[in-house]
1. Which pairs turn up if I take residues in the stretch 59-79 that are closer than 25 Å to I259 by Cα and at pLDDT 95 or above and look for partners that are in a loop (DSSP other than H, G, I, E, B) and among the hydroxyl-bearing types (S, T, Y) with beta carbon separation below 6 Å, at least 6 apart in sequence or on another chain?
2. Could you grab the pairs with beta carbons closer than 9 Å, sequence gap of 6+ or different chains, first residue in the stretch 184-207 and over 15 Å from C316 (Cα atoms) and modelled with pLDDT of 95 or more, second one surrounded by fewer than 19 Cβ atoms within 10 Å (Cβ to Cβ) and basic (K, R)?
3. If I filter the stretch 307-316 for residues that are at pLDDT 95 or above and touching a strand residue (DSSP E or B) at 6+ places or on another chain (Cβ under 7 Å), do I get at least one hit?
4. Give, as residue ranges, the helices (runs of 4 or more DSSP H) completely inside the stretch 183-251 that count at least 3 residues that are outside the structural domain of R135 (by TED's automatic domain parsing) and either surrounded by fewer than 20 Cβ atoms within 10 Å (Cβ to Cβ) or on the phi > 0 side of the Ramachandran plot (or both).
5. Select from the stretch 86-131 the residues that are among the aliphatic types (A, V, I, L, M) and in a strand (DSSP E or B) and write down the one among them that is farthest from E264 (Cα to Cα).
6. Taking the condition of being closer than 19 Å to F294 by Cβ, among the small types (G, A, S) and exposed (fewer than 14 other Cβ atoms within 10 Å of the Cβ), how many residues in the stretch 332-383 meet it?
7. Would you confirm, using the coordinates I've provided, whether F273 is of a type in the set (F, W, Y), over 29 Å from Y196 (Cβ atoms) and in contact with a helix residue (DSSP H, G or I) (Cβ under 9 Å, 6 or more places away or on another chain)?
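The values are calculated or read from the model by the stated rules, or taken from the named source; none is laboratory data. Computed from a predicted model, the values in this text were never measured in an experiment. Here the Cβ positions follow ideal geometry from the backbone for every residue, glycine too, while neighbour counts run over all protein chains shown.
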Amino acid sequence: MPLSKNYKADPAFATLGDGFGDAVEAADFPKHILRYRNDRAAGDVGLNTLTDEEWIAHCAKFVRLPGNLESPIAQRYHGHQFQVYNPDIGDGRGFLYAQMRNTRGRLMDLGTKGSGRTPYSRSGDGKLTLKGGVREIMATEMLEALGACTSRTFSIVETGESLMRGDEPSPTRSAVMVRLTHGNIRIGTFQRHAYYTDTNRLNTLVDYCLKYYFDTEMKSSDADKALHFLGLVMERVAMQAADLMAAGFVHGVLNTDNINITGEIFDFGPWRFLPRMELGFTAAYFDERGLYAFGRQPDALHWNIYQLGGALADICEEQALKDVLEPFPKVYLAALRSKLLARMGVKPKGDKDDDALLSAVNNFMLRETFSYERFFFDWYGGSQSEKRAAKSPEAARYDADAALKAAITSYAPARPDALNHAYFGGDGPCTMLIEEVEDIWSHIAEHDDWQPLYDKIDAIRQMGDALTK
């Protein structure tokens, strides 16, 4: 079937030249069972007209898309992992294999996870468990519905192998996954070239990122370009921190090799959505210090962006780098205020009033260890939801905090028609707690029953429609 007229190949990565990645081949899988194709995302890049057979060819066998990269590329990068520098990493079980413009003209990347060994696999097999792929579908669908800037799970194809893993019952089923992102360049990509004091490639990378991800071409000094670039990334990463907190999402592994320069949430590991408001809640069982606990995520990302500044220290003066990064807390707090008000579905009044409202909400949820999703469901629309909140199972706890209720009901709805959506006519919020994740997986693992997953995706998208349309 012909590709959609919206398909516009743009293999920009090839313009970087050598030293940024290695040509690799995908694994030859024994089976190719299509389990998930994200046609909504595919429509954005002109691939929604593919037949299932063509989809498998391009998203599991990795047949080259027309006019695209000559071969898959395993990218080179380093990174701080739990703040310990590791120069022995890179794309160890994934690669970049296509780039194209979306319907809004943005450059988008198709990258993989579980596509086989690369020069950076070390002792790993380069494969992905099917459960890992299913979990990523659920995380990205939920984040997208909540308005967060996230990568999108594009495809999951089961591959018919049995994998041994220490962190889940084994042998377990295997899959190859494709992600759609606005860029796979990471903070760790810059760290690698800084590690080798390769200022030529650092400058090349800055120019590439400015041109292709920030639509900026500057005729100025290398230092000025690098500082401008750092400021743009700082703003994106600060907004990413706000996205995580507003969504009640705990990423789990906010290492510098997992933070891309466009600020998208991606490279998911042991993620969790908060079951209740708890700043010390962690997602990874191996995060013994709570370095990436829910409440520490903004600090972790602030630390990470300083590592990008450090990687640019051979191009720019140290004080100039610090000056660019200094506004991070202010940018983060402004973004968080905006995103939390959006989650409440209310019109801003002004920074002073808005901060007072959000402080009251935060104090209430901390004191009551309250469900994130329940609160935002009950009070979406501010004054418009007073009667709805009175019917909530949590009404008694709301009634006990008269000041909170008064503050919320003083706010007008941002979208007065939103509460007419069927989502708000339901009994409660759409959630994605670990018990639900495990239940959905158990249907797949024990009965090969995918319907609960597909039903959950439909429910999440219904919520997203209610919150955004």
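1. Here the result reads A74/T118, each pair linking the stretch 59-79 to a residue that is in a loop (DSSP other than H, G, I, E, B) and among the hydroxyl-bearing types (S, T, Y).
2. none
3. The answer is yes; a qualifying residue exists.
4. So the answer is 199-213, 222-247.
5. L128
6. Result for the stretch 332-383: 1.
7. Answer is yes for this residue.
Here is a yes/no grid of residues against (1) free of Cβ contacts under 8 Å to residues at least 40 places away in the same chain; (2) acidic (D, E):
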{"residue": "R388", "(1), (2)": "yes, no"}
{"residue": "A412", "(1), (2)": "no, no"}
{"residue": "F424", "(1), (2)": "no, no"}
{"residue": "D448", "(1), (2)": "yes, yes"}
